[in-house]
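Trainee: Before I ask anything, let me first share the structure, which is written out below as structure tokens.
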Amino acid sequence: MDDLHILKTRLCIIGSGPAAHTAAIYASCAELKPILFEGWMANGIAPGGQLTMTTDVENFPGFPDGINGIELMDRCCKQSLHFGTQTLTETVSKVDFSTTPFKVFTDSKTVIADSIIVAMGATAKRLDFLGSSEGPRGFWNRGISACAVCDGAAPIFGNKPLAVIGGGDSAMEEATFLTKVLGGLKVKNVLSGEVSDLKVAGLFFVIGHELATKFLDGQLELDSGGYVVTRPGATLTSVHGVFAAGDV
Ligand SMILES: Cc1cc2nc3c(=O)[nH]c(=O)nc-3n(C[C@H](O)[C@H](O)[C@H](O)COP(=O)(O)OP(=O)(O)OC[C@H]3O[C@@H](n4cnc5c(N)ncnc54)[C@H](O)[C@@H]3O)c2cc1C
């Protein structure tokens, strides 16, 4: 690999969601000149992270009327760049945290860094059935969500009956959605075969997350769900000099 493809930095940030950009803004303000790998559809998510998949974000400070998720993350990215973060649109495929300085690899670059922040986020698992997708034929973000905490207070759900799917995914396999505004579910009892109507205005998937930590390949301690283990109350990971932030 020629010198052009080897970069050195005091801090390398892996990820591009709110956690990565918050870290990048602080670190670049402190003149650490961080290098941030924003990924390219890493873990199935565009640069900017999970908020690029939503419409209005209602709970971000400074936006009392809410802000579009893509616009919010675009602003975060611009703010990181403004203070001097170098952003690379590449997915990290391998790391070497066994010695310092640490090494971070993509298909075309190696970054040698004194410290690392891992902020690769997670993807909320979703069930796939008729009406569950994005777009004009689906109710994703228009009645179906994977984040009850984020969206539960949205006006479309206010004071209305809601359904939450958690555990027993197979119970939903044959669910079919009614048309127009999400009005309810047809639910099949997989034991008795009985089909019943459940009137709801919203549906939330709470069936876990897919973590983007496989490429770490055992170099950081993970829990059984794939989450990076941090010291309680801190961002320190099992490797001195490697920190974790956000959903990861
Ligand atoms: C549809 C939806 C709506 C939501 N709405 C709200 C809301 O209104 N309010 C709220 O508070 N929260 C909301 N959330 C939750 C919120 O989006 C997450 O908590 C937040 O985005 C987590 O941020 P993060 O920085 O940890 O990671 P993420 O946002 O998950 O971003 C991680 C990024 O890292 C990238 N990445 C992964 N692996 C690599 C790699 N190997 N190399 C380089 N890059 C990599 C990913 O592609 C991704 O872009 C919502 C989530 C979803 C799915």
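Trainee: List, in order, the whole-Hz ³J(HN,Hα) value for each residue of region 130-135 obtained from phi through the Karplus relation with A = 6.51, B = -1.76, C = 1.60 and θ = phi - 60°; use x for Gly and Pro.
Mentor: With the stated coefficients, region 130-135 comes to 4, x, 8, 8, 6, x Hz.
Trainee: To the nearest 10 square angstrom, how much accessible area does E31 have with a 1.4 angstrom probe?
Mentor: That residue has around 130 Å² of solvent-accessible surface.
Trainee: Leaving ligands, DNA and RNA out of it, work out the accessible area of S98 with a 1.4 Å probe and give it in Å² to the nearest 10.
Mentor: 90 Å²
Trainee: Mind ranking M53, M73 by accessible surface for me, highest first, 1.4 Å probe?
Mentor: M53, M73
Trainee: Run the accessible area of the chain with a 1.4 Å probe and give the carbon-and-sulfur part as a rounded percent.
Mentor: Carbon with sulfur: 56 percent of the solvent-accessible area.
Trainee: Ignoring ligands, DNA and RNA, how do H21, H82, H209 rank by accessible area with a 1.4 Å probe, largest first?
Mentor: I get H82, H209, H21, largest accessible area first.
Trainee: For the chain, which span is the longest to avoid every loop-located (per DSSP) member of trypsin sites (Lys or Arg not before Pro) having at most 14 other Cβ atoms inside 10 Å?
Mentor: The reported range is 1-124.
Trainee: While we're looking at this one, here's another question. Give the distance, in whole Å, between the Cα centre of region 199-231 and the Cα centre of region 1-77.
Mentor: One Cα centre to the other: 19 Å.
Trainee: Any idea how far apart D114 and Y26 come out in nm if each label point goes 7 Å out from Cα toward Cβ?
Mentor: Using points 7 Å along Cα→Cβ, the separation is 1.7 nm.
Trainee: Note the direction-averaged projected area, equal to a quarter of the hull surface, for the Cα convex hull of the chain, in nm².
Mentor: Reported value for the Cα convex hull: 15.6 nm².
Trainee: With a ≥ b ≥ c taken as the square roots of the eigenvalues of the C-alpha gyration tensor of region 68-124, please select rounded if a/c is under 1.5 and otherwise prolate if a/b is larger than b/c or oblate if it is not?
Mentor: Prolate shape, in that a/c is at least 1.5 and a/b is the bigger ratio.
Trainee: May I ask you to evaluate 6.51 cos²θ - 1.76 cosθ + 1.60, the Karplus curve with θ = phi - 60°, for each residue of region 219-226 and list the ³J(HN,Hα) values in order in whole Hz, giving x for glycine and proline?
Mentor: 7, 10, 5, 10, 8, 5, x, x
Trainee: Something else: Taking a probe of 1.4 Å, how large is the accessible area per residue of the chain, in Å²?
Mentor: Per-residue accessible area for the chain comes out at 55 Å².
Trainee: Let me ask something additional. With every protein chain present, what accessible area does L211 have (1.4 Å probe, heavy atoms only), rounded to the nearest 10 Å²?
Mentor: Accessible area, nearest 10 Å²: 10 Å².
Trainee: Still on this structure: Which entries of K8/K33; K125/K160; K8/K109; K160/K199 have Cα-Cα distances beyond 18 Å here?
Mentor: K125/K160
Trainee: Running a GNM on the chain with Cα contacts under 10 Å, which residue among P18, P34, P155 ends up with the highest mean-square fluctuation?
Mentor: Per the Cα network of the chain with a 10 Å cutoff, P155 tops the list.
Trainee: Given a 1.4 Å probe and heavy atoms of the protein chains only, how would you sort F243, F37, F129, largest accessible area at the top?
Mentor: F243, F129, F37
Trainee: List the residues whose amide H sits under 5 Å from the amide H of G184, counting only those 5 or more places along or on another chain, with H placed 1.01 Å from N in the peptide plane.
Mentor: Here the answer is L178, V200, since their amide H atoms fall under 5 Å of that of G184.
The values are calculated or read from the model by the stated rules, or taken from the named source; none is laboratory data. Model, not experiment: these values are computed from the prediction. Using ideal geometry, Cβ is built from the backbone for each residue, glycine included, and neighbour counts are taken over all protein chains shown. For accessibility, only protein heavy atoms count, side chains too; no ligands or nucleic acids. Shrake-Rupley method; radii C 1.70, N 1.55, O 1.52, S 1.80 Å.
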